[in-house]
Amino acid sequence: MSTTELPASHAELMDGVYRWQRHIYDLTRKYYLLGRDRLIAGLDLPPGGTVLELGCGTGRNIILAARGYPDARFFGLDISAEMLETAGKAIDREGLSDRVTLARGDATDFDAGALYGIERFDRIFVSYSLSMIPGWEKTVSAALAALAPTGSLHIVDFGQQEGLPGWFRTLLRGWLNKFHVTPRASLRGVLESEAKRTGATFRFRTLYRGYAWLAVIKLGI
C-alpha cells in the first residue's frame, strides 16, 4: 500500500468518522447508498482493462467489480487509513490481492504513476464520495486527466431528492450531516461542463425520484 502527502485535517476527520463506523459500514449503507451496483454493472470493461476507484472505502465496490470482471486489474484510493485497513483485509479474504492495489491519497490531487506505477485507466468510478470531499470539483478534473484516451468516468452520488417529499429531504439531510456528507446540487452542471471541456459524451440519470444521480463521462467519442 502506497502513501502520499495528504491534507491532514480532512484525513484526520475521515479517520475519526470511520474508526468505528467502518466495522458496520457495509451492513448499514446497503440500505441507502443506492445505485452502486448499477454503476458497477455499467462499467463495460474491455478485456484486461484497468479500473480505479476514488474513495474506495471498505473495498466493497472494488470486490464486487473484481468478481464481475475477473481478467481486469483494480486500483483503489482513499484518504482514510482506517478504511484502507478494512479494505485490505476484505480483499485478502476474497483472494484478490494479486489483482487489487490500494493506496492512500487525496482524490482531488493524486499522482497515479507514483502510487500505482500506471498513468491511465480504462475506467474510473466514484461512488458516494464526491459528497464528502472538500473541493470535489477537483476530483472530477483529476479523474478525467487520469483516463485512457477512450476511457470513461462513472459517478453515483446523492441527488437533490427532487421527486421526494420535503419532510424526507429534511430528515435525510440531517442524517447525512452527522457524517459530513453534503449532496452536491451543482454536480450535474459541473460534470456537463467538464464533458464539454474535454470533448466527451455525457450521460446522466436520476434514480429513485432523485434520491441518487448516476452519470457517465466517456472520452474518445
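The values are calculated or read from the model by the stated rules, or taken from the named source; none is laboratory data. Since the structure is predicted, the reported quantities are computational estimates derived from the model, not experimental observations. No Cβ is skipped: glycine too gets one built from the backbone with ideal geometry, and neighbour counts run over all protein chains shown. The area values use the complete protein model at the heavy-atom level, side chains included, leaving out ligands, DNA and RNA. Shrake-Rupley method; radii C 1.70, N 1.55, O 1.52, S 1.80 Å.
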Requested in this report: State the extension gain, in nm to one decimal, for the chain segment bounded by Glu119 and Arg197, taking 0.36 nm per residue of separation less the distance between their alpha-carbons.
Outcome: 26.0 nm
Query raised in the report: Say each of Phe204 and Lys138 gets a label point 7 Å from the Cα, pointing the same way as Cα to Cβ; how far apart are those two points in nm?
Result: 2.4
Report task. Pop out the Kirkwood hydrodynamic radius of the stretch 111-221 from its pairwise C-alpha distances, inverse of mean 1/r, in Å to one decimal. Result -> 14.8
Query raised in the report: Hey, got the dipole for the stretch 56-141? About the Cα centre, +1 on K and R Cβ, -1 on D and E Cβ, debye to the nearest 20?
Result: 260
Query raised in the report: Say R0 is 30 Å: what FRET efficiency, to the nearest 0.05, do Glu94 and Trp175 get from their beta-carbon distance?
Result: 0.50
Query raised in the report: Which order do His180, His154 take by accessible area at a 1.4 Å probe, largest first?
Result: His180, His154
Requested in this report: With the full set of protein chains in place, find how many percent of the accessible area of the chain is carbon and sulfur; take the probe as 1.4 Å.
Outcome: 53
Query - Net charge dipole size for the chain [Lys, Arg +1 and Asp, Glu -1 on Cβ; Debye, nearest 20] - result: 860
Report task. Calculate for the chain the 222 nm mean residue ellipticity that helices alone would give, adding -39,500 (n - 2.57) per DSSP H run of length 4 or more and normalising by residue count, nearest 500 deg cm²/dmol. Result -> -11000 deg cm²/dmol
Report task. Could you state the accessible area per residue of the chain in Å², with a 1.4 Å probe and every protein chain left in place? Result -> 46
Query - Among Leu171, Leu130, Tyr116 the positive-end extreme of the charge dipole of the chain (Cβ point charges) - result: Leu171
Report task. Sticking to Cα atoms, compute the Rg of the chain to one decimal and its Dmax as the biggest Cα-Cα distance, whole number, in Å. Result -> 16.3, 48
